[in-house]
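Read-outs throughout are calculated quantities, based only on the coordinates presented, and are distinct from any laboratory measurement. All of these numbers come straight from a predicted model, not from anything done at the bench. All Cβ positions, glycine included, derive from the backbone under ideal geometry; neighbour counts span all protein chains shown.
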Amino acid sequence: MFKSKKKKSNYYFDAFPVLAHFSVECGEMILNFMENFEHEKLVEFKTAVHEIEHKADEHKHEVTNKLLTEFMTPIDREDIFELLKLIDEVTDAIEEISLKLYLYDYKELPVNTIEFMKVTLECVKETENCLRNFNEYLNYKTYHPLVNKVVHLEEESDAIYIENTHNLYLKESDALKIHKAETIYTLLEEVSDRCREVCRFVQNIAFKNI
């Protein structure tokens, strides 16, 4: 059983949700673009999302540089570094959606893409919430429900991916449309997978510090 002891906030605990919020910003921008889809704005859209991702990289480097010079850290130095990397990978996975929309020159969105993106964004937001409450990671009763929200959303994302892809091959015969749709479905599901990895790693940190 986890300890009920509450850890005080500190620079790294505060930095994790800041980094995660860049993922939320990217996700919100992508959902807004999908809901108001305009092919002519793909370049502008892709560039705007990349700017957010670049800011996330800068923040990660700033925290990493501090970590390299820190004498004592609240949890293992290696765990902080790994968690920073996992959070950054969520943002990278979201940016990949905007990049593929541009690279494959989508003229329209595949069926159910917007609904899928809403679930994906909710998963990203709940991951940010887990990290915002990182100082409670040893309090099982408080923290476990936060992680469970992400797990359930990741499972919902898996189910949506399976159903969408299955229906795609049943109803669509155009090979290019199938490729484009499956690409987007896969990328959306990948974001939720990355979110779950973040929360699993936080659980691992908790077990190490029992």
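Listed values, structure above:
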| item | result |
| --- | --- |
| Approximate spin-label separation Val111-Glu38, in nm, with each point projected 7 Å along Cα-to-Cβ | 2.9 nm |
| Alpha-carbon centroid distance for the pair segment 9-81 / segment 101-128, whole angstrom | 18 Å |
| Per DSSP, loop GluC sites (Glu not before Pro) in segment 10-68 with at most 12 further Cβ within 10 Å | Glu38 |
| Dipole magnitude of the chain, debye to nearest 20 (Cβ charges: Lys/Arg +1, Asp/Glu -1, about Cα centre) | 1100 debye |
| In segment 1-105, chymotrypsin sites (Phe, Trp or Tyr not before Pro) in a DSSP loop with at most 14 other beta-carbon atoms within 10 Å | Phe71, Tyr104 |
| Label-point separation, Asn133 to Leu99 (7 Å along Cα→Cβ), nm | 3.3 nm |
| Span-rule helices in the chain, defined as complete DSSP H runs reaching 18 Å or more along the axis (Cα) with Kyte mean at least -0.5 | 11-35, 77-103, 113-132, 175-208 |
| Mean Cα-pair separation over length for the chain, i.e. relative contact order, pairs under 8 Å, 6 or more apart, % | 34 percent |
| Local electrostatic count, Phe81, Cβ distance below 14 Å [Lys/Arg +1, Asp/Glu -1] | -4 |
| Candidates Leu176, Leu138, Leu86, ranked by Gaussian network fluctuation over the chain, Cα under 10 Å, top entry | Leu176 |
| If the convex hull is drawn through the Cα atoms of the chain, its volume per residue in Å³ | 107 Å³ |
| Highest-MSF residue in the chain out of Thr69, Thr91, Thr47 [GNM, Cα springs under 10 Å] | Thr69 |
| Rg/Rh for segment 24-76, where both radii come from Cα atoms and Rh is the Kirkwood radius | 1.25 |
